[in-house]
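Coordinate-derived values only; no laboratory data. In this text, all values refer to a predicted model and were calculated from it rather than measured experimentally. Ideal geometry is used to build each Cβ from the backbone, glycine not excepted, and the neighbour counts take in all protein chains shown.
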Amino acid sequence: MPFALIPDGFKLQKITKAQESAVNAKRRHDDVIALLNNPETVSSAVTLILAYLTAQAAKSAVQDLKDLGATISDEVEDQFTKKRDVGAPVGVSFEQILDEGLKRLGKLI
C-alpha cells in the first residue's frame with residue numbers, strides 16, 4: 001500500500017488505491033487553482049492568445065490581398081509562413097511556437 005499525506009490534518013498514513021486517486025485529484029485541483037489565482041498566468045495567457053490571433057489575422061490578410069490580385073512579394077509572404085531558426089535545433093515557424101505554447105497551456109489548466 002502506498003503512503004500519502006492526507007489533507008485532513010496532514011498526517012502520513014497508508015492509503016488504498018481509491019484514496020490515492022482522490023488525494024492526487026485534490027492536489028491537481030489545488031495546483032490549477034493556484035495557477036489561476038496567479039495574476040501572471042492571466043497576463044501570459046492573454047499575451048499568447050493575442051499574439052496567435054494577430055499572426056493568424058496577418059496571414060489571412062496577406063492571403064486576402066493575394067486573392068484580390070495584389071502583388072505580394074515572396075519576402076513579405078515569407079514573414080508569415082517561413083520557418084525560422086529561433087534557437088532551437090531545427091527551424092520552426094512563429095505559428096508552430098504559438099501552437100505549442102497553447103497546447104502546453106491547455107495541459108496546465
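In nm, to one decimal, how far is the modelled label at residue 104 from the one at residue 38, with both set 7 Å along Cα→Cβ?
For the pair residue 104/residue 38, the computed spacing is 1.2 nm.
Can you pull a Stokes-Einstein diffusion coefficient for segment 17-68 at 37 °C (0.692 mPa s), Rh from Kirkwood over Cα pairs, as a whole number of µm²/s? Mind showing how you got there, number by number?
Values: Rh = 14.2 Å.
For the chosen part, D equals 231 µm²/s.
Please give the contour-minus-distance gain from residue 45 to residue 14: 0.36 nm per residue of separation, less the Cα-Cα distance, rounded to one decimal in nm.
7.2 nm
Starting from the Cα of residue 76, step 7 Å along the direction of its Cβ; do the same at residue 31; then give the gap between the two resulting points in nm.
4.7
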